[in-house]
Each structure stands twice: as structure tokens, then as C-alpha cells.
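Report on one structure; see the data block that follows.
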Amino acid sequence: MLAYNELNEGVMFVYEGAPYQVISFAFLRMQQRKPVAQTDIKNLITGKLLQRNFHSNEVFEEVEIDKEECKYLYNTKGQYWFSSKNDPSKRFFLTEEAAGTPAKFTKPNTIVTALRWKGDIINVVWPIKADLKVTETPPGEKGNSASNTTKTAKLETGAEIQVPMFVNNGDIVRINTANGQYTERMEKSAVGL
């Protein structure tokens, strides 16, 4: 059992009969009141985020999660399809909401970790970073390369992000999949040289 003050970031626990993971945790003490744990928690089955405050009299059951490697295959009509790493005939899917933001930045045939709870696969752990090719972006204007201006770029997975003005078509950029933000240019396109 977990006490309310043990709900640190990344901890998985059962809340209202479903598995949740703590996304953020803050300990709050207000004058003449009992301390409270302010949390943002994510339902591992549906992907929904909740903000909840927990008090010192509350205890929680730890979630027993089994992990196994699987392969991301493709997405269609709001469904993200996966297969067992060693047996392509064993397939399952997650809804777009359950898959979350990182799914938009993951290439087909990427190995991910499936989370299994009570015998059922409830979610997957996506890679934190992805290196993707820019397929479409307007050319940068001369003189804007040193400022903080950005432009929209379409990536090989179809996702769109904001990138600095110096990024061009064919460049390989690194993305933080958790928030969908550009982090750095990994490789410059040979076309622009």
C-alpha cells in the first residue's frame, strides 16, 4: 500500500478501480490545515488526465504492471495498431486518445514497451525522442536565422511542429515526443549545400 506522500512522479497506483500514473506531484501545506498532495494523474487505459488532491488519511494499492516488447505497425481511423515483437499475428490496438501525443511522432516498425494489467494490454511506453525527416516547410528568410522566430514543418509521420527558421526540407530533426516540440537539428539536408 502507498501513502499519499509516496505518490511521486512515475508511480503507478489503483484509483477508483483503474490504473493511474502520477505525472506531477507537489506537497502543499497551508496554515492551520493538514498537508495535501496535489497531483496530476493519467489514466493508463483511457489516457485522460485528472488533477486530484490527496489527504493524509488516504492509502492506495500499487499497480502490478507487466511489461513486454511489441512493434508499432501503423495507424488508421484513430486506431494505433501493434503486434507482438516475435509473432506478427498477435495484434492489438489503442485509441488515439489512449496512445497520446507521442504516437504522432513514432515511425512504423518501432519497438515499444506494452503495459499489461490483469492480463490485458492497457497502454504502451513510447520512445522519448524521435529523429524525423522534415518533408515540407517554407524556406527561411535571410536574416531571420538568429532570432526566435519559428515556422511550421511537416514531418515524415504526418505530424506538424514549429521549427526554427534555419530548418529546411530534408533536414533530420529531433523531437521530444512527450510534448511534441523541436529540440535540435540532427542532420542537414544535402540538397541545400
* Has segment 52-59 got at least one residue that is out of contact with any Pro (no Cβ under 9 Å at 6 or more places or on another chain), surrounded by 13 or more Cβ atoms within 10 Å (Cβ to Cβ) and among the polar types (S, T, N, Q)? -> no
* **Hits in segment 29-50 - residues which are farther than 30 Å from F93 by Cβ and either surrounded by 11 or more Cβ atoms within 10 Å (Cβ to Cβ) or of a type in the set (D, E, K, R) (or both)** => R29, R33, K34, P35, V36, A37, Q38
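Check whether at least one residue in segment 62-73 is closer than 17 Å to A159 by Cβ and out of contact with any Leu (no Cβ under 7 Å at 6 or more places or on another chain), and report yes or no. Before the answer, list the steps.
Within segment 62-73, the subset closer than 17 Å to A159 by Cβ is 72.
Adding the requirement that they be out of contact with any Leu (no Cβ under 7 Å at 6 or more places or on another chain) leaves 72.
Within segment 62-73 (the criterion being closer than 17 Å to A159 by Cβ and out of contact with any Leu (no Cβ under 7 Å at 6 or more places or on another chain)), the answer is yes, since at least one residue qualifies.
Among residues belonging to segment 1-48 that are assigned to a strand (DSSP E or B) and within 13 Å of N123 (Cβ to Cβ), point out the one that is farthest from the chain's Cα centre (by Cα).
The residue in question is A18.
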* To do: Could you look through segment 155-177, keep only residues that are among the β-branched types (V, I, T) and assigned to a loop (DSSP other than H, G, I, E, B), and pick out the one that is farthest from D131 (Cα to Cα)?
  => V167
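Okay, residues lined up against (1) touching a helix residue (DSSP H, G or I) at 6+ places or on another chain (Cβ under 8 Å); (2) over 21 Å from L73 (Cα atoms):
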| site | (1), (2) |
| --- | --- |
| P88 | no, no |
| T95 | no, no |
| K107 | no, no |
| A114 | no, no |
| K118 | no, yes |
| W126 | yes, no |
| A130 | yes, no |
| P139 | no, yes |
| G158 | yes, no |
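Per-residue answers, yes or no, for (1) under 24 Å from the mean Cα position of the chain (by Cα); (2) surrounded by 14 or more Cβ atoms within 10 Å (Cβ to Cβ); (3) at pLDDT 90 or above:
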site	(1), (2), (3)
I122	yes, yes, no
P127	yes, yes, yes
D131	yes, yes, yes
V134	yes, yes, yes
G140	no, yes, no
G143	no, no, no
S147	no, no, no
A153	yes, yes, yes
M165	no, yes, no
* **The listed residue being touching a helix residue (DSSP H, G or I) at 6+ places or on another chain (Cβ under 7 Å) and of a type in the set (D, E), out of E64, E68, E58** => E58
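The values are calculated or read from the model by the stated rules, or taken from the named source; none is laboratory data. Note that the structure is predicted; figures quoted are calculated from it, not measured. Counting neighbours? That spans all protein chains shown, and the Cβs are built from the backbone with ideal geometry, glycine included.
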